[in-house]
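Only one structure is covered here, and it is reproduced in the block below.
The values are calculated or read from the model by the stated rules, or taken from the named source; none is laboratory data. Being a predicted model, the structure only gives us computed values, none of them experimental. Ideal geometry is used to build each Cβ from the backbone, glycine not excepted, and the neighbour counts take in all protein chains shown.
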Amino acid sequence: MRTILASMMLAAAAHAEAFRAIDETFTFEVTTVSNVTGEPTDADSVPTYRVYEDETATPILTGSMAVLDSANTDGWYSEQITCTAANGFEAGKSYRIRIASVVGGANGATERQLTVSSQLVATTLKTSYLPSATAGASGGLFVAGSNADTTVNFNGTLSGNVGGIAGTINTLDSLDTAQDANASTLVGMVNDVIAETDAIDAAIAANGTLLLDVPTNAEFAARSLLAAAYGTAGAQSAILADTAATLTQASTAATQSSAANAIVGSGAYGNQALKTIMDAKASQASVDDVPTAAENATAILAASLSTGTVQQSLEYLRAAFVSSGVFSEAALAEAPSGGGGGASQPRINEPPAKAYTIAVGSRTDGVLECPQPLRLSPGATNIPFGIDMSPLYGTVRVFDVGEPVVSGGDVTATELGPHDWIAMVQTSGTVTAGERRIITVPVTMRTGETEQVRVKLWGMTEVE
């Protein structure tokens, strides 16, 4: 019974059907009441609403209502929706808004009805800028035929699109003080454009064209090359004479060159000496001007290598080194230059086999120890192995590998060189079963430290 009462209280007020045009807003409200006292009471939570079009079961809008004037009222909620196509509204459709709430644990619901009419059009009429005057009087509206010379005064803001202005603009009144100068300038510019247009129209009407100074055929011919000073018969004769002299000089030079070649070919006057003199003369350079090999090398090295044949050659060599599979970018970076520097030993490009790579460990009495031994099968000979320095030095590269020392036996060792942070060593001789030796290898790092590294060499036995 209390639930029914709450529902009735929520829906008690009668609400007539509302009509709106498309794009207009619609505001609706509801008052929730207690199902015990029947008095307006705030709901347990704000009421919710769902908007349905005709008998479509899926709502086009949903949401929650907001408390209205909560300081002075109880249980009063409202919401405003916009009847736009984007929100799902259509002209000529009816909509029902179902409002639901819970008061004191009891559910209640009510409805509002809205029609978006196709006959209504949202309009706004603004008359504050229309002066009140009769047609034909100063300040009145323009009425074609009856007051064509009427002066229209607008007080306020003129907005929208002005289709055109006929005649001359005399003044712009009722502008702010800061706008007066701009308004005066605008009036002058418009009047100047009108005057220029009138002048162009008058020129076209009088002459039929705006090109008033087109030369005649006779005037154009008078300005041609024939009328110029260098086009006279005397000037042309001088030009022909100069040309003939130039051709004669060229012929003489060719004859002299042919005679010199004949002398050189005879072999009677020192071919090489004559040829040197002729080449120097032809290039207009003396022997002293020819750069030496050292000067050429200095110029090439000092010049920018960003472009040109030298840069292309260097790039080709670098690409060939890297793509060969034998050299690498690191090897090129560490290669010694003509001026010295770089690594003291060539970089070993192939790393040792993983089985023959041992890492350094702790330091004892200034000597680095490799915890794991180098295990070799009996009869093994000529085995290259590597000492990995990265556990102590990280990515610092090996600079030099010194001469190893083997503690007795037939096995000997020879330094190979650095491979990044690995020191490469080559064993020689034959390993016997159960053999135990110590190989001490001096290793110098690029940071300048020289370490004495001890490597245990074990000849494996059957039980190992």
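Some values worked out for this structure:
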| item | result |
| --- | --- |
| Residue match in the stretch 385-398 (condition: aromatic (Phe, Trp, Tyr) and without any contact (Cβ under 8 Å) to a residue 60 or more places away in the chain) | yes |
| Subset of the stretch 413-435 (residues that are touching a residue at least 60 places away in the same chain (Cβ under 8 Å) and part of a strand (DSSP E or B)) | Glu415, Leu416, Gly417, Pro418, His419, Ile422, Met424 |
| Residue within the stretch 395-404 that is loosely packed, with under 13 Cβ neighbours inside 10 Å, within 18 Å of Thr440 (Cβ to Cβ) and either of a type in the set (Ser, Thr, Tyr) or under 46 Å from the mean Cα position of the chain (by Cα) (or both) present | no |
| Residue in the stretch 436-457 that is assigned to a loop (DSSP other than H, G, I, E, B) and farther than 19 Å from Gly366 by Cα present | no |
| Residue that is farthest from the chain's Cα centre (by Cα) [pool: residues in the stretch 15-48 that are β-branched (Val, Ile, Thr) and closer than 15 Å to Ile99 by Cα] | Val33 |
| Strands (runs of 3 or more DSSP E) completely within the stretch 24-105 that count 2 or more residues being surrounded by 16 or more Cβ atoms within 10 Å (Cβ to Cβ) | 25-31, 48-53, 76-82, 93-103 |
| Every pair of residues 6+ apart whose Cβ atoms lie under 6 Å, when the first sits in the stretch 349-367 and is in a strand (DSSP E or B) and at pLDDT 85 or above while the second is of a type in the set (D, E, K, R) and surrounded by 11 or more Cβ atoms within 10 Å (Cβ to Cβ) | Thr357/Asp388; Ala359/Asp388 |
